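The values are calculated or read from the model by the stated rules, or taken from the named source; none is laboratory data. Given the structure is predicted, the values throughout are model-derived calculations rather than measurements. When we count neighbours, we look across all protein chains shown, and the Cβ atoms used for this are built from the backbone with ideal geometry, even at glycine.
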């Protein structure tokens, strides 16, 4: 199911245009099995010409599910985000894709497009992905998985030995043991 919502640049010749819609899950393709939209994606936007650029400003609200970083259970994240973006038509003479160029700060705030249309669903997908947390948690006190048997420690405890230290500490413990032997 691919529903494209487009801003046609011909419509922006003389006036600002505003639009709003609600997309059901599946309309915006996140290109990832880990990110799932679990509610309507409600959004509003306005597009206008700003000199030689197109300005698209708006906001979005939705809920997505990601796997918890500790226990891998579903973690629901509410996203409410405003956006204010600038687009410029890509000029082939401006730069060559194989050539390395340096951008100033203003240029990093501008995206480039080709053709006569800007796809809103692409903008929404990008804004949602940028709003996701680095590490999603199902709850703040998530205990994660047992490092030995893989049991979800939120649903109970296992009979595996309790390691009070990280296995990565073995080298430091060996150095400590040698230092103690020298001091004796």
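Tell me yes or no: at least one residue of the stretch 9-16 is in a loop (DSSP other than H, G, I, E, B) and over 30 Å from residue 90 (Cβ atoms).
Filtering the stretch 9-16 down to residues in a loop (DSSP other than H, G, I, E, B) leaves 13-16.
Next, only the ones that are over 30 Å from residue 90 (Cβ atoms) stay: none.
No, the stretch 9-16 has no match at all.
When the residues of the stretch 95-129 are filtered to those that are touching a strand residue (DSSP E or B) at 6+ places or on another chain (Cβ under 8 Å) and surrounded by fewer than 16 Cβ atoms within 10 Å (Cβ to Cβ), which remaining residue is modelled with the highest pLDDT? Walk me through it before giving the result.
Restricting attention to the stretch 95-129, the residues satisfying the condition of being touching a strand residue (DSSP E or B) at 6+ places or on another chain (Cβ under 8 Å) are 109-114, 116-121, 123-124, 127-128.
Among the residues that remain, those that are also surrounded by fewer than 16 Cβ atoms within 10 Å (Cβ to Cβ) are: 109-110, 112, 114, 116-117, 119.
Details: 109: 68, 110: 71, 112: 69, 114: 69, 116: 71, 117: 73, 119: 81.
Here the answer is 119.
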**Prompt:** Among all residue pairs at least 6 apart or on different chains, which show Cβ distances below 6 Å where the first residue, located in the stretch 44-64, is in the same structural domain as residue 25 (by TED's automatic domain parsing) and free of Cβ contacts under 8 Å to residues at least 24 places away in the same chain and the second is surrounded by 14 or more Cβ atoms within 10 Å (Cβ to Cβ) and in a strand (DSSP E or B)?
**Reply:** 61/42
**Fill in**
Picked from the stretch 22-36 (must be touching a residue at least 40 places away in the same chain (Cβ under 8 Å) and in contact with a strand residue (DSSP E or B) (Cβ under 8 Å, 6 or more places away or on another chain)), the residue surrounded by the most Cβ atoms within 10 Å (Cβ to Cβ) is 28
**Complete:** Only one of (1) more than 17 Å from the chain's Cα centre (by Cα); (2) surrounded by 15 or more Cβ atoms within 10 Å (Cβ to Cβ); (3) farther than 19 Å from residue 81 by Cβ does not apply to residue 51, and that is (2)
